[in-house]
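Down below is the structure, laid out as structure tokens.
The values are calculated or read from the model by the stated rules, or taken from the named source; none is laboratory data. The structure displayed is predicted, hence computed values, not measured ones. Glycine gets a Cβ as well: all are built from the backbone with ideal geometry, and neighbour counts include every protein chain shown.
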Amino acid sequence: MGEINRFFDRPVYLADGPNSVCEISDAADAIEFLEEWPPELRDTASEVALRVCRRAHDGLIPTAAARNAIEGFARMAGILEDEAVTVSVPASYDNNDENDGNCVRIPSFSAV
């Protein structure tokens, strides 16, 4: 029997501060993000999303359920980013060591 593909069919992008976007590509990424969600902001939506993502990570439910859960949570929390506004950053981009896993600090750009 082959390995189960636990990656989402397409990533979910979440705002993680004013200049940071996180790419969530699987249940493990989602679990990490949700576990780091500030305690004072945790609610039923974040707790349900975390439970769903853990179950998907353990192979108990489809990976698509985890993607739907993190996307729904992000939408309710107002942190869901449109894929069209994401920025590709080269792998060599250092950004003063401020990168945190799949989160990238995006420098502010001003119109010239």
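Is it the case, given these coordinates, that SER92 is at pLDDT below 55 and under 17 Å from VAL21 (Cβ atoms)?
Working: at pLDDT below 55: yes; under 17 Å from VAL21 (Cβ atoms): no.
Here the answer is no, as SER92 does not meet what is asked.
For VAL12, are the conditions met, namely being within 11 Å of the chain's Cα centre (by Cα), farther than 18 Å from ASN68 by Cβ and not in a helix (DSSP H, G or I)?
Working: within 11 Å of the chain's Cα centre (by Cα): yes; farther than 18 Å from ASN68 by Cβ: no; not in a helix (DSSP H, G or I): yes.
Judged against the criteria, VAL12 is not a match.
In the stretch 10-30, which residue that is hydrophobic (A, V, I, L, M, F, W, C) and over 14 Å from ALA74 (Cβ atoms) is surrounded by the fewest Cβ atoms within 10 Å (Cβ to Cβ)?
To start, the set of residues in the stretch 10-30 that are hydrophobic (A, V, I, L, M, F, W, C) comprises 12, 14-15, 21-22, 24, 27-28, 30.
Okay, now just the ones that are also over 14 Å from ALA74 (Cβ atoms), so 27-28.
Values: ALA27: 26, ALA28: 16.
Looking at the filtered set, the residue picked out is ALA28.
Starting from the stretch 24-47, keep only residues that are without any contact (Cβ under 8 Å) to a residue 40 or more places away in the chain and hydroxyl-bearing (Ser, Thr, Tyr), then list their pairs with residues that are surrounded by 11 or more Cβ atoms within 10 Å (Cβ to Cβ) and assigned to a helix (DSSP H, G or I) whose Cβ atoms are within a distance under 8 Å, requiring at least 6 positions of separation or different chains.
Once the first residue is without any contact (Cβ under 8 Å) to a residue 40 or more places away in the chain and hydroxyl-bearing (Ser, Thr, Tyr) and sits in the stretch 24-47, its partners that are surrounded by 11 or more Cβ atoms within 10 Å (Cβ to Cβ) and assigned to a helix (DSSP H, G or I) give SER46/LEU34; SER46/PHE73; SER46/ALA77.
Within the stretch 56-74, how many residues turn out to be under 13 Å from ILE24 (Cβ atoms) and either surrounded by fewer than 19 Cβ atoms within 10 Å (Cβ to Cβ) or in contact with a Leu (Cβ under 9 Å, 6 or more places away or on another chain) (or both)?
Of all residues in the stretch 56-74, those under 13 Å from ILE24 (Cβ atoms) come to 56-57, 63, 66-74.
Narrowing further to those that are either surrounded by fewer than 19 Cβ atoms within 10 Å (Cβ to Cβ) or in contact with a Leu (Cβ under 9 Å, 6 or more places away or on another chain) (or both): 57, 68-74.
Matching residues across the stretch 56-74 total 8.
So which residues in the stretch 31-61 are closer than 13 Å to ILE79 by Cβ and assigned to a helix (DSSP H, G or I), if there are any at all?
Those that are closer than 13 Å to ILE79 by Cβ and assigned to a helix (DSSP H, G or I): PHE33, LEU34, LEU41, ALA45, SER46, ALA49.
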